[in-house]
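Remarks on the structure that follows.
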Protein chains: 2
Amino acid sequence: MAKLQLEQFLPYRLNRIAGAVSQEFRSVYGPHHDLTIPEWRVLATLGQFEAMSAKAIGLHSAMHKTKVSRAVRALEERRWLRRRSSEEDRREEILTLTTLGQKAYQEIVPKALAFERRLLDELGPKAERLLEALERLEIIVKAR
Amino acid sequence: MAKLQLEQFLPYRLNRIAGAVSQEFRSVYGPHHDLTIPEWRVLATLGQFEAMSAKAIGLHSAMHKTKVSRAVRALEERRWLRRRSSEEDRREEILTLTTLGQKAYQEIVPKALAFERRLLDELGPKAERLLEALERLEIIVKAR
DNA sequence: AATGGACAGTTACATTCGTGACCAACTGTG
DNA sequence: CACAGTTGGTCACGAATGTAACTGTCCATT
């Protein structure tokens, strides 16, 4: 009689751990800035690339276009980003962070990096291996 | 000016990969059995432990009690599990798989294990490292 | 230049999910 | 044994998410 130990099963473990890490990470930007995960991803992408369309943000941060659309509107209402329609293609809107948005980004990034470093430090020598394996796993899963 | 590469950022990568793996895995049991993830987890837990309360299932499979409640009802309506109230504590219900549920479990488990093995095989020697690191990471994150 | 298909982004609708209130049953303290 | 607090499970509600339809724009073909 075949059995499976759920707590050892890779898809389950990945989900569980990813959820726990995200939850923890949320306590980095949550209390001070009250961001959702989609909003954080949009902020992070715009902080990284300066100007970008919603479509491109979705591609880069692996989010559905409606998710991006809502996160963008939320950040816009917060005056953290601005949109202007593109010259070349008036269907798309070029999004950029406002000064306020940049300030928030600059506040959060060091905390985010510190959070990540703390995790990796606690992992010690296993950290390097984890990152390598994740890289490979990402490629494997993408290739389907 | 501090920057952060979202695509390299650990919480994001974990989420992304976990989601992709789950998505892929869903194609193992999805088409034939049309299960949601919570339903799969309940099934897997009962298949593993024979008899269990909803509370215990939630603890073991890391699900909110309402999620468990709904998944249990769905499986019950499908006649995959049965409930009887406990003798010792009449608040709780002891859940067990029906013959039908066991049959489904027996069908899915080999596919699930094959799916996992295929992933680990493709990871090659990195697989061992990944599992070790995940184990450690799980402990670290739980300890907060 | 006109038309049809593709595409960026938004909106409406249905589904899923978590929070909090709730009920029934247990447990401990007096 | 009475009462207060706790616990297992469900339900109602609001928030978040995905699917599908829709609007406006672009572009290829005629």
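Nothing in this text is a laboratory measurement; each read-out follows from the coordinates by a stated rule. Just so it is clear, the structure is predicted and the values come from calculations on it, not from any experiment. Neighbour counts are summed over all protein chains in view; Cβ atoms, including those assigned to glycine, are modelled from backbone coordinates with ideal geometry.
Using a 10 Å cut-off on Cβ to Cβ distances, tally the other chain neighbours for every residue of A:17-28 and report the average as a whole number.
Rounded to a whole number, the mean comes out at 6.
Please list log₁₀ I(q)/I(0) at q = 0.10, 0.11, 0.14, 0.15 Å⁻¹ for the protein assembly as shown, using the Debye equation with identical point scatterers on the alpha-carbon positions.
-0.65, -0.76, -1.08, -1.16
If each of A:Gln5 and B:Lys111 carries a label point 7 Å out from its Cα toward its Cβ, how far apart are those two points in nm?
In this crude spin-label approximation the distance works out to 2.5 nm.
To test your reading of the geometry: what angle, between 0 and 90 degrees and rounded to tens, separates the Cα axis of helix B:99-123 from the longest principal axis of chain B?
Approximately 10 degrees, to the nearest ten.
Check B:Ile94: other-chain or 5+ apart residues with amide H under 5 Å from its amide H, H built from backbone geometry?
B:Arg84, B:Ser85, B:Ser86
For segment B:1-43, what is the Kirkwood estimate of the hydrodynamic radius, computed as the reciprocal of the mean inverse distance between distinct Cα atoms, to one decimal in Å?
12.3 Å
So what is the 222 nm mean residue ellipticity for the protein assembly as shown from helices alone, if each DSSP H run of at least 4 adds -39500 (n - 2.57) and you divide by all residues, rounding to the nearest 500 deg cm²/dmol? Kindly include the intermediate steps, with their values, before the conclusion.
Working: 12 runs with 200 residues, N = 288.
My calculation for the protein assembly as shown gives -23000 deg cm²/dmol from helical runs alone.
Output the direction-averaged projected area (hull surface divided by four) of the convex hull of the alpha-carbon atoms of chain B, in nm².
The orientation-averaged projected area of the Cα hull of chain B comes to 11.7 nm².
Quote the charge dipole size of segment A:6-142 about the Cα centre in Debye, to the nearest 20; the model charges only the Cβ of Lys and Arg (+1) and of Asp and Glu (-1).
Dipole magnitude for segment A:6-142 comes out near 360 debye.
Mind checking the angle between helix A:10-33 and chain A's longest principal axis? C-alpha axes, 0 to 90 degrees, to the nearest 10.
Taking the Cα atoms of chain A, the angle to A:10-33 is about 40 degrees.
Put a dot 7 Å past each Cα toward the Cβ at B:Ala62 and B:Thr98; how far apart are the dots in nm?
Reported label-point gap for B:Thr98 and B:Ala62 is 3.1 nm.
In peptide A:121-132, what is the residue-averaged number of other protein chain Cβ atoms found within 10 Å of each Cβ?
5
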